[in-house]
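The values are calculated or read from the model by the stated rules, or taken from the named source; none is laboratory data. Computed from a prediction, not measured in an experiment: that's the story for all the values here. Cβ placement follows ideal geometry from the backbone for every residue including glycine, while neighbour counts extend to all protein chains displayed.
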């Protein structure tokens with residue numbers, strides 16, 4: 001919905017600019033590019049010309065793929081061969097994503113898995129509950145929560161707490177979403 005309004009706004013601005021332009025010009029400027037569904041630029045936290053930096057996408061550090069990150073390709077295959085074909089493919093795709101991350105982002109993802117493992121059993125269960133709840137949010141709310149998590153990931157623990165407790169941050173999210181962000185951000189390692 002927001003993207004549609006954004007696209008309509010761009011089209012209105014482009015049309016207004018065309019009406020106001022000097023009509024005696026021989027050559028017209030090309031129309032503005034159409035907004036795409038996904039912003040161009042590097043994925044996984046690249047800085048898109050002034051856009052706030054973000055950490056890697058949130059992943060579930062409890063899934064099997066997270067436990068395979070540090071294994072050699074041969075060791076990974078031994079584990080994968082024991083799984084059903086559909087699950088094998090899903091995990092291979094996830095491992096390919098991980099292997100293609102820059103080393104700094106790989107360290108961040110590995111740090112998440114270590115911090116998850118250090119949680120109490122109740123803390124791990126609550127993390128799992130909130131990670132599942134994240135997937136159940138409407139797409140626009142899920143996107144807002146994920147972006148907040150990716151930005152929080154770049155902050156040291158003390159700064160993350162300050163941001164989470166700021167009124168400006170709290171006003172953007174529902175109490176349930178704030179609990180979700182707080183719980184999921186516990187496994188995010190501070191920047192290295």
* For region 88-123, name all the residues that are within 25 Å of residue 183 (Cα to Cα) and not in a helix (DSSP H, G or I). => 101, 119, 120
* Structure fact -> Those residues of region 134-143 which are part of a helix (DSSP H, G or I) and either in contact with a strand residue (DSSP E or B) (Cβ under 6 Å, 6 or more places away or on another chain) or buried (at least 17 other Cβ atoms within 10 Å of the Cβ) (or both) amount to 134
* Asked: Applying the selection to region 73-86, what residues are assigned to a helix (DSSP H, G or I) and free of Cβ contacts under 8 Å to residues at least 12 places away in the same chain?
  -> 73, 74, 75, 77, 78, 85, 86
* **Failed criterion for residue 130 (all others in (1) at pLDDT 90 or above; (2) part of a helix (DSSP H, G or I); (3) more than 14 Å from residue 60 (Cα to Cα) hold)** => (3)
* For region 113-124, how many residues meet the condition of being out of contact with any helix residue (DSSP H, G or I) (no Cβ under 8 Å at 6 or more places or on another chain) and surrounded by 14 or more Cβ atoms within 10 Å (Cβ to Cβ)? -> 2
